[in-house]
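See structure below.
The values are calculated or read from the model by the stated rules, or taken from the named source; none is laboratory data. These figures come from a predicted structure and were not determined experimentally. Using ideal geometry, Cβ is built from the backbone for each residue, glycine included, and neighbour counts are taken over all protein chains shown.
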Amino acid sequence: MNQIYCDIGLLVLRIGLGAMMIVHGLAKLKIIISSGAQNWLDPIGIGPSASLYLATFAELACSALVMAGLFTRSASAILAFTMFVAGFVFLREAPWQNRELAVLFFVGFVGLAFLGGGRYSLSALLFGSEKLANF
């Protein structure tokens, strides 16, 4: 019975974090469409365009994968890295209240990267529960 609660908790966490992150990705997509990446900062030295496009990809595509529970561990690790960069590199000079949301997302996605998608995930449906640890 406890496993069912854990799997329901993972489902709620995946959908909640993924949906909220998609909102951030849509805001970045709007920036790309309206003004491009010329004014975007380059927090890890890969160029403003690459930084914006990769963050947008992570926040949209990886969040959709997390919500579906498909390759949850890998997608969550990518999102955790993105939120680490946002909270500890991009906003390192900002006051805590400006960094708090990125750090909260970071913690949530790190947890999902370790726990995986659970029983109620597309990976479990497609690959079976015995293979969940690989995703």
Quiz prompt | Qualifying helices (runs of 4 or more DSSP H) (wholly inside the stretch 1-106; at least 2 residues being at negative phi and surrounded by fewer than 14 Cβ atoms within 10 Å (Cβ to Cβ)) | solution = 2-35
Quiz item: Is one or more of the residues making up the stretch 109-117 of a type in the set (Phe, Trp, Tyr), in a helix (DSSP H, G or I) and under 16 Å from the mean Cα position of the chain (by Cα)?
Solution: yes
Quiz prompt | Conditions (1) touching a Phe, Trp or Tyr at 6+ places or on another chain (Cβ under 8 Å); (2) under 16 Å from Ile22 (Cβ atoms); (3) in contact (Cβ under 8 Å) with a residue 40 or more places away in the chain; number of the one not met by Gly108 | solution = (1)
Self-check item: Residue identified as of a type in the set (Phe, Trp, Tyr), under 19 Å from Leu122 (Cα atoms) and either at pLDDT below 95 or touching a helix residue (DSSP H, G or I) at 6+ places or on another chain (Cβ under 7 Å) (or both) among Phe90, Phe71
Solution: Phe71
Self-check item: Pair list, Cβ < 8 Å and 6+ apart or interchain, from the stretch 11-31 residues that are touching a residue at least 24 places away in the same chain (Cβ under 8 Å) and closer than 27 Å to Ala124 by Cβ to residues that are of a type in the set (Val, Ile, Thr) and surrounded by 15 or more Cβ atoms within 10 Å (Cβ to Cβ)
Solution: Arg14/Val66; Arg14/Thr72; Leu17/Val66; Gly18/Val66; Met21/Val66; Gly25/Thr56
Quiz prompt | Positions within the stretch 118-128 being over 18 Å from the mean Cα position of the chain (by Cα) and assigned to a helix (DSSP H, G or I), in sequence order | solution = Ala124, Leu125, Leu126, Phe127
Exercise. Might you check whether a residue that is touching a residue at least 60 places away in the same chain (Cβ under 8 Å) and under 30 Å from Val12 (Cβ atoms) occurs anywhere in the stretch 48-70?
Key: yes
